[in-house]
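Let me begin by presenting the structure, written as structure tokens, before commenting on it.
The values are calculated or read from the model by the stated rules, or taken from the named source; none is laboratory data. Everything quoted here is computed from the prediction, not taken from an experiment. Here Cβ is always computed from backbone atoms with ideal geometry, including for glycine, and neighbour counts include all displayed protein chains. Heavy atoms of the whole protein, side chains included, go into the accessibility calculation; ligands, DNA and RNA do not. Shrake-Rupley method; radii C 1.70, N 1.55, O 1.52, S 1.80 Å.
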Amino acid sequence: MILILYKRWPARQSRLDDGDARASANHPTKVVPGRATFPQAVVRWRRLPTLNGRACRGGVRWRRPHSALTPPAPCAAPMPTSQFLSESQAAAEWRELIAQTRPAARAVLAAAADEQLPGLADLFYEHMLADPHASMFISNEQVRDRLHASLQRWLAAVLTAAADDMNGLIALQRMVGDVHARIGIPVNLVARATRRLKRALYDALIARMPPSDDRSSALIYVSQATDIALEVMTASYSRSREQSAKTDEAYRLFSVMQNVGTERERQRAALLDWENAFVYRIAINAQLDELQKMAASDFGLWFHHKGQPAFGDSREAQSVARLIVEIDEAMDAAMAAAAVPQSVEPMAARIALLNLVRDAVGQLKYLLGALFEQIAELETGRDALTHLLNRRFIPTVLRREVVLAAQSRTTFSVLMVDIDHFKAINDQYGHDAGDLALQTVAALLVHNVRGSDYAFRYGGEEFLLVLVETTESQARTIAESLRKRVEQETISSKSGEGIKVTISIGLAMHTGHPDYERTISAADEALYRAKKNGRNRTECAF
Ligand SMILES: Nc1nc2c(ncn2[C@@H]2O[C@H](COP(=O)(O)OP(=O)(O)OP(=O)(O)O)[C@@H](O)[C@H]2O)c(=O)[nH]1
């Protein structure tokens with residue numbers, strides 16, 4: 001494992017402490033019906049479970065669910081779970097392994113964990129850094145500063161795992177897999193380096209223990225426990241990679257897709273043409289075998305060759321494919337029935353077919369509309385209200401910026417911006433005024449950063465800015481100038497009232513760590529402090 005683990009979360013007070021209703025599970029953030037809200041923004045601050053006190057000493061903490069950054073695409077085909085051991089199976093297997101491991105073997109493993117870890121971590125990273133692909137992501141300095149200690153913590157957790165600690169242990173493996181996926185460390189490389197690690201551990205145990213049942217038990221534990229850990233990691237790595245591949249692809253489509261509107265009209269018309277021809281032939285009592293199959297129609301061909309690849313493996317696309325097959329099968333069945341003399345009353349069979357086809361085509365029209373709507377959103381790739389970039393592209397952009405920063409030896413900053421007391425603006429002036437405030441702040445943000453920077457709508461009244469190639473002091477200056485610029489603005493409501501808004505900003509620098517989520521988390525923590533310390537201010541994570 002490259003093991004870029006998260007630092008222990010600082011035990012911080014919950015947003016409940018400052019009387020913030022949105023932090024309360026009993027007071028979930030309101031969603032404005034029919035408004036440009038984000039599904040992710042609905043659950044903005046939530047209680048995260050602890051990793052058995054390891055990852056979160058404070059017991060619980062409140063934070064925005066960053067994992068939602070890579071949105072749970074409703075369209076994503078789930079990873080076939082049978083390919084991977086499920087986490088509960090893995091936990092059960094691990095518990096059983098612990099129960100079967102002899103106490104003396106466990107004691108030796110714990111001692112080995114204590115003594116051997118630094119050497120083992122050296123060996124692991126030596127191997128990793130020899131690989132040109134991995135070394136692109138992990139500089140020696142980073143390994144020394146952060147990753148070395150993370151790997152040691154992981155190895156200690158695996159070697160000294162306790163049965164009652166299983167949820168945390170499994171969650172740890174899942175998190176490592178996710179982090180590897182975000183950074184782009186290939187799973188085969190991790191598996192290879194882990195083999196080296198295992199080999200070294202075997203050697204250490206063999207040197208430490210004479211041949212005995214205890215030694216065998218310790219060796220079996222090392223072998224099986226690392227395998228289970230790796231399997232959980234790999235499953236979560238694969239899911240994350242699949243998801244990010246979809247988002248990258250969406251970004252690519254967003255960049256290159258043209259004429260979605262024209263295509264939508266063309267295919268709607270093709271579907272209608274087919275339906276009209278079908279109804280006409282039924283009406284004139286034409287032979288059923290003269291009817292064109294849906295799969296062979298203009299629409300069917302287009303969907304098979306172009307639509308399906310463009311829409312991906314979404315549920316809607318799968319439903320379209322299924323309906324096309326169902327229509328054609330119903331036509332085959334009706335033809336077969338008509339061919340058998342006196343088997344069915346011919347008119348009844350035709351009417352049954354007509355009803356089925358009309359119903360299926362109705363569904364197809366609806367599904368087609370939904371699919372094109374999704375693609376149209378991709379085409380713009382922008383939030384409809386503010387015209388800022390859609391937050392789903394944050395991982396794609398930040399992954400690239402991490403690589404560019406490493407190549408050019410520069411850094412970038414992340415600003416988490418949140419409008420203060422925005423709910424009060426909605427309440428006092430109405431949601432139209434709230435929308436106008438959002439648009440105004442968004443425009444001010446975009447127009448007061450460089451063209452090379454990125455501005456995303458992150459949640460309801462929250463924005464994320466990425467300032468490329470900026471130093472700490474430049475980022476601080478830009479953040480403050482944005483804050484002041486918004487403070488100076490007066491927004492005119494429809495009723496002519498002047499609305500004043502302020503923003504709070506959390507600022508974090510990319511530190512060279514390849515996991516961009518760390519930077520977002522740091523900016524998020526800083527924003528939390530800015531809110532807590534009075535709002536209309538910038539707080540830095542450094
Ligand atoms: N008008 C409008 N309101 C929105 C939109 N999206 C979210 N909101 C509202 O934004 C408000 C955010 O309120 P809170 O999360 O309590 O935050 P706040 O009032 O800004 O308080 P602080 O952030 O703590 O200063 C909620 O009332 C949401 O309903 C939108 O697209 N348009």
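(1) modelled with pLDDT of 80 or more; (2) aromatic (Phe, Trp, Tyr); (3) under 28 Å from the mean Cα position of the chain (by Cα): which one isn't true of Trp274, the others all being true? Condition (3) is where Trp274 drops out. Of all the residues in segment 279-295, those that are crowded, with 16+ Cβ neighbours inside 10 Å and within 24 Å of Leu371 (Cα to Cα) number 1.
Of all residues in segment 378-387, count the ones that are away from the ligand (no atom under 16 Å from the Cβ) and either open to solvent by 60 Å² or more (accessible area, probe 1.4 Å) or part of a helix (DSSP H, G or I) (or both). Before you say what the answer is, go through the steps one by one.
To start, the set of residues in segment 378-387 that are away from the ligand (no atom under 16 Å from the Cβ) comprises 378-381.
If we keep only those that are either open to solvent by 60 Å² or more (accessible area, probe 1.4 Å) or part of a helix (DSSP H, G or I) (or both) too, we end up with 378-380.
Qualifying residue count for the region: 3.
Residues in segment 247-271 that are closer than 25 Å to Met331 by Cα and either surrounded by 17 or more Cβ atoms within 10 Å (Cβ to Cβ) or modelled with pLDDT under 70 (or both): Gln267, Ala270, Leu271. The set of residues in segment 284-308 being assigned to a helix (DSSP H, G or I) and hydrophobic (A, V, I, L, M, F, W, C) consists of Leu288, Phe299, Leu301, Trp302, Phe303. Quick check on Arg196: is it touching a residue at least 60 places away in the same chain (Cβ under 8 Å) and within 21 Å of Pro514 (Cβ to Cβ)? For Arg196, the condition - touching a residue at least 60 places away in the same chain (Cβ under 8 Å) and within 21 Å of Pro514 (Cβ to Cβ) - is not met. Is it true that some residue in segment 521-534 is among the small types (Gly, Ala, Ser), at pLDDT below 95 and open to solvent by 20 Å² or more (accessible area, probe 1.4 Å)? No - not one qualifying residue is present in segment 521-534.
Okay, residues lined up against (1) open to solvent by 50 Å² or more (accessible area, probe 1.4 Å); (2) modelled with pLDDT of 95 or more; (3) farther than 24 Å from Glu487 by Cβ:
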| position | (1), (2), (3) |
| --- | --- |
| Phe393 | no, no, yes |
| Arg400 | yes, no, yes |
| Ala406 | yes, no, yes |
| Arg409 | yes, no, yes |
| Val414 | no, yes, no |
| His421 | yes, yes, no |
| Gly430 | no, no, no |
| Ala442 | no, yes, no |
| Leu445 | no, yes, no |
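Among the residues examined, Leu288 qualifies as over 29 Å from the mean Cα position of the chain (by Cα) and at pLDDT below 85. The condition of being over 21 Å from Arg350 (Cβ atoms) and assigned to a helix (DSSP H, G or I) holds for only one of Arg281, Arg266, that being Arg266. The criterion of at least 1 residues that are within 26 Å of the chain's Cα centre (by Cα) and away from the ligand (no atom under 16 Å from the Cβ) is met, among helices (runs of 4 or more DSSP H) falling completely within segment 388-491, by 394-408, 431-447.
Here are the criteria: (1) open to solvent by less than 100 Å² (accessible area, probe 1.4 Å); (2) closer than 22 Å to Arg322 by Cβ. Tell me which single one His304 does not satisfy. Among (1) open to solvent by less than 100 Å² (accessible area, probe 1.4 Å); (2) closer than 22 Å to Arg322 by Cβ, the lone unmet condition for His304 is (1).
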